[in-house]
Amino acid sequence: VQLQASGGGLVQAGGSLRLTCAASGATFNSYVVGWFRRPPGKEREFIAGIYWRDGSTSIADSMNGRVTIFRDAAKSTVFLQMNSLNPADTAVYYCAARLGSSIREEIYDYDYWGQGTLVTASS
């Protein structure tokens, strides 16, 4: 399984950004794909996850409804739409995958990781 995250960049506070996770190397119907982030000096944290087979999702409460996760099954791609960004959202964002149907929030539950993409939200 290979995952490639992209779409990061510099955005002004209040702006939006869509991150992309391109997945390959498996049939993903039995996988969960999650997005995590690691702010500077902090631990990696869960943002959102999606179960590929039925598109069910889970969003971290801490995101306060500002993010949406969805997939394009035909393109084996998962997106993370982020709105109302603020400097606290500055982080390296990672996508990860795990085999199974449960959307887990712990990093050790995921077996495959992309390389990360940097998002910087300026004030």
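The values are calculated or read from the model by the stated rules, or taken from the named source; none is laboratory data. All of these numbers come straight from a predicted model, not from anything done at the bench. Cβ placement follows ideal geometry from the backbone for every residue including glycine, while neighbour counts extend to all protein chains displayed. In case anyone asks, the SASA skips ligands and DNA or RNA and just uses the protein heavy atoms, side chains included. Shrake-Rupley method; radii C 1.70, N 1.55, O 1.52, S 1.80 Å.
At-a-glance table
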item	result
Residue 108 vs. criteria in a helix (DSSP H, G or I) and either within 17 Å of residue 21 (Cβ to Cβ) or without any contact (Cβ under 8 Å) to a residue 60 or more places away in the chain (or both)	yes
Any pair with Cβ under 7 angstrom, 6 or more apart, that starts in the range 1-14 at a residue that is touching a residue at least 12 places away in the same chain (Cβ under 8 Å) and in a loop (DSSP other than H, G, I, E, B) and ends at one that is surrounded by 13 or more Cβ atoms within 10 Å (Cβ to Cβ) and of a type in the set (Val, Ile, Thr)	7/20; 7/117; 8/117; 8/119
Filtered residues of the range 68-97 (kept if more than 13 Å from residue 21 (Cβ to Cβ), surrounded by 17 or more Cβ atoms within 10 Å (Cβ to Cβ) and either over 11 Å from the mean Cα position of the chain (by Cα) or free of Cβ contacts under 8 Å to residues at least 24 places away in the same chain (or both))	85, 89, 90, 91
Checklist (1) within 21 Å of residue 8 (Cβ to Cβ); (2) open to solvent by 30 Å² or more (accessible area, probe 1.4 Å) applied to residue 53, failing item	(1)
Condition check for residue 62: part of a loop (DSSP other than H, G, I, E, B) and of a type outside the set (A, V, I, L, M)	no
Candidate set: the range 22-44, residues that are under 19 Å from residue 99 (Cα atoms) and open to solvent by 30 Å² or more (accessible area, probe 1.4 Å); chosen: the one nearest to the chain's Cα centre (by Cα)	22
First in the range 26-55 and farther than 22 Å from residue 92 by Cβ, second anywhere and open to solvent by 60 Å² or more (accessible area, probe 1.4 Å) and in a loop (DSSP other than H, G, I, E, B), Cβ under 8 Å, 6 or more apart	29/53; 30/53; 30/101; 51/101; 53/101
Selection from the range 4-21 of residues that are closer than 13 Å to residue 96 by Cβ and either in contact with a His (Cβ under 9 Å, 6 or more places away or on another chain) or open to solvent by 20 Å² or more (accessible area, probe 1.4 Å) (or both)	4
